[in-house]
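Student: Below is the structure I would like to discuss, written out as structure tokens.
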Amino acid sequence: MIIPITYNIQNNSIQHLINKKTNVSFGALYRESDIPDNINDLIKDAQQRKFDEYDTLPKAYDTITTEYNNNVKKHKKSFFFSRSKVAKDQLIYYSKLEGIKAAENAFLKKIDMHLKDLRLIKKNLEAKDGAIDELNQLKNIEAQLLMAKEIKEAQLNSQIGLNSLGGYDEVKGFIRKIFINEVTKEKAKMQSIVPNAILLYGPTGCGKSKLVDAIASEIYPDKSIKEKYFINIDTSDDPDEVIDCINTALENAYENFKSTNNRTIILLDEIEAIANNKDPETTEAIKAALESANENYCTFFLTSNYPANINPDILGSNKVEYLIAIDPPDRNNMKAVLEYYFKRLSVKNIDYDVLVTELLRAQNDGRFSNSGIEHIYDICKDVPKLSQSDIIDVIRNTKPNILQSEYYNYINNKNRFEGNTYD
């Protein structure tokens, strides 16, 4: 899903649907001190509230997608076919998707706020005698709310692109701003500033390559189109072969953009393997390729576990313009990544804060990366009748996959490169 900053069109009909059908409070409507003695009116009010947008919003998505596809077909069949019209239709379509996403997030927030209300009412009832029936009614309402929340969160987690990755909201937001939004404007033939190259650096297993793949999926959700415009070049090959592949990709990128208005993304994993101080000839060829990226309508994404080993000549204006650190997951990102994986399983009442505490306890020996957490999930998913205690046992018996020395090396690199954004 591409979320442009231009044409900030809110899907008013969807927002109206949310406001009208999801009759919920926006945050602790009932303060504990304000709950009246007559609780029946509050129970009646809670029973009348509806929470079915987890079904309605996907239908709205299907509706606007069908509308967009029909418009594109109509333009292509027209005698006065214009790619700029199709690009503008696409931009409006993406903006409507932004409205749906905002509505979905508002829906989840409303459920959370209403759950707070219910729990305050329950607390009040539990202090009264003879309120068993009322308590049971509230428990049923709470169960329905939790089910609606679980369905919607599962739907959000299944989305393609950057939304398919757990956590790292700040990094994803920054990439949307500097790259995805600019590509969207470029596709609509609007003034844009698309970077030549972006470097993602950090310890092994923190999701650098996955992040680039998700970026490509967000721009090109159609798999067949993505395969054409997302080129992953193996830097472990002979340097001359790598340069030949890069030059061929640049030539194709230019021709493809002229015919389709689609920018090519080229991924060079572990760039320090070929752009280092030991091979100045290859480094010069890569430098020339990076400098020509925009005139050939492509953007390079580079990844590195050891950015200090990269020849500094390829960093800077008109070459690698953004250096983005991808940290090992902190507490918040650990929780997001754990939730992303373990919500796929039928384990009830997982306390993710407890699991995060267990992961953090291992930090004297190293750090768990995102792939390290995924490895824990891979072990757990095969455990019969998995429980939270089983997950904790697996964590305690799994060594962190980022060595302490590797982590300290990364911190030193981050201190060195922090703030080096060439724009």
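Student: If the Cβ limit is 6 Å and pairs must be 6+ apart or interchain, which residue in the range 396-417 that is part of a loop (DSSP other than H, G, I, E, B) pairs with which residue that is of a type in the set (Gly, Ala, Ser)?
Tutor: Taking only residues 6 or more apart or on different chains, the pairs are 400/362; 400/366; 401/205; 401/369; 401/372.
Student: Sticking with this one: What number of residues in the range 366-392 are open to solvent by 80 Å² or more (accessible area, probe 1.4 Å) and either among the polar types (S, T, N, Q) or more than 27 Å from the chain's Cα centre (by Cα) (or both)?
Tutor: Within the range 366-392, residues that are open to solvent by 80 Å² or more (accessible area, probe 1.4 Å) and either among the polar types (S, T, N, Q) or more than 27 Å from the chain's Cα centre (by Cα) (or both) number 2.
Student: Which condition number does residue 268 fail, the rest of (1) free of Cβ contacts under 8 Å to residues at least 60 places away in the same chain; (2) more than 29 Å from residue 415 (Cα to Cα); (3) of a type outside the set (Ser, Thr, Tyr); (4) in contact with a Leu (Cβ under 7 Å, 6 or more places away or on another chain) being met?
Tutor: (2) is the only condition that residue 268 fails.
Student: Quick check: anything in the range 328-344 in a loop (DSSP other than H, G, I, E, B) and more than 16 Å from residue 166 (Cβ to Cβ)? I'd like the intermediate steps shown before the answer.
Tutor: The first filter runs over the range 328-344 and keeps only residues in a loop (DSSP other than H, G, I, E, B), leaving 328-330, 343-344.
Filter once more, keeping what is more than 16 Å from residue 166 (Cβ to Cβ): none.
For the range 328-344, residues in a loop (DSSP other than H, G, I, E, B) and more than 16 Å from residue 166 (Cβ to Cβ): absent.
Student: The conditions are (1) modelled with pLDDT of 90 or more; (2) of a type in the set (A, V, I, L, M, F, W, C); (3) within 30 Å of residue 256 (Cα to Cα), and residue 368 fails exactly one of them. Which is it?
Tutor: All conditions are met except number (3).
Student: Next question. (1) free of Cβ contacts under 8 Å to residues at least 40 places away in the same chain; (2) open to solvent by less than 20 Å² (accessible area, probe 1.4 Å): which one isn't true of residue 226, the others all being true?
Tutor: So the condition that residue 226 fails would be (2).
Student: Would you check which residues across the range 229-252 are of a type in the set (A, V, I, L, M) and not in a strand (DSSP E or B) and list them? Spell out how you get there, then give the answer.
Tutor: Filtering the range 229-252 down to residues of a type in the set (A, V, I, L, M) leaves 231, 233, 242-243, 246, 249-250.
Those that are of a type in the set (A, V, I, L, M) and not in a strand (DSSP E or B): 242, 243, 246, 249, 250.
Student: Kindly indicate the residue of the range 128-171 that is among the small types (Gly, Ala, Ser) and at pLDDT below 70 and also farthest from residue 343 (Cα to Cα) among those meeting that condition.
Tutor: The first filter runs over the range 128-171 and keeps only residues among the small types (Gly, Ala, Ser), leaving 130-131, 143, 148, 154, 158, 161, 164, 166-167.
Filter once more, so that each one left must be at pLDDT below 70: 130-131, 148, 154, 158.
Working: 130: 37, 131: 34, 148: 14, 154: 8, 158: 11 Å.
Here the answer is 130.
Student: For the range 288-322, give me the residue count where each residue is open to solvent by less than 20 Å² (accessible area, probe 1.4 Å), farther than 29 Å from residue 260 by Cβ and assigned to a strand (DSSP E or B).
Tutor: Within the range 288-322, residues that are open to solvent by less than 20 Å² (accessible area, probe 1.4 Å), farther than 29 Å from residue 260 by Cβ and assigned to a strand (DSSP E or B) number 1.
Student: Evaluate the range 366-375: report whether one residue or more is of a type in the set (Val, Ile, Thr), under 30 Å from residue 177 (Cα atoms) and in a helix (DSSP H, G or I).
Tutor: yes
The values are calculated or read from the model by the stated rules, or taken from the named source; none is laboratory data. Keep in mind that what you see is a predicted model, and the values were worked out from it rather than measured. Glycine gets a Cβ as well: all are built from the backbone with ideal geometry, and neighbour counts include every protein chain shown. Surface accessibility is based on the protein's heavy atoms, side chains included, excluding ligands, DNA and RNA. Shrake-Rupley method; radii C 1.70, N 1.55, O 1.52, S 1.80 Å.
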